[in-house]
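The values are calculated or read from the model by the stated rules, or taken from the named source; none is laboratory data. Every value quoted in this text rests on a predicted model; they were computed, and no experiment measured them. Here the Cβ is made from the backbone with ideal geometry for all residues, glycine too, and neighbour counts use every protein chain on show.
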Amino acid sequence: MKSIKFLLIVTALLAGAVHAQPATGGAVTTQIATSPSEMTEAEVRKVDRENQKITLKHGAIKNLEMPPMTMVFRVSDTAMLDKVQAGDKVRFTAAKDGGKLTVTALVPEK
């Protein structure tokens, strides 16, 4: 019974996480809502646009139970790589996608 409740809660959370937001000109863009507390702080070490990868020196990634380290991630959207360069401070979320670690959201720090 607990597992059914858990699945219902997760489904409800995921359904609420994606929302449509009007952009300029009346167009609609889809964004995934990500709480800043869920994001991990990192420093960009390398941006590899050709291979759609980014190297991050990151803090602990709670949802993946991963300790701080420097590693290479795939990105879910290559447009993320256009917003950053080596040395930038960022916040990000990551998930396992097909067994590969993938950055799903990337926010440059100001």
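Are any of the residues in the stretch 37-46 loosely packed, with under 14 Cβ neighbours inside 10 Å, of a type outside the set (Lys, Arg) and either over 12 Å from the mean Cα position of the chain (by Cα) or on the phi > 0 side of the Ramachandran plot (or both)? Yes, that holds for at least one residue.
Checking each residue of the stretch 76-91 against the condition of being surrounded by 15 or more Cβ atoms within 10 Å (Cβ to Cβ), farther than 15 Å from ALA42 by Cα and assigned by TED's automatic domain parsing to the domain that holds ALA42 gives at least one match.
Of the residues making up the stretch 51-75, just one is part of a loop (DSSP other than H, G, I, E, B), out of contact with any Pro (no Cβ under 6 Å at 6 or more places or on another chain) and surrounded by 15 or more Cβ atoms within 10 Å (Cβ to Cβ), namely GLN52. Scanning the stretch 38-65 for residues that are under 17 Å from LYS100 (Cα atoms) and at pLDDT below 95 yields a total of 4.
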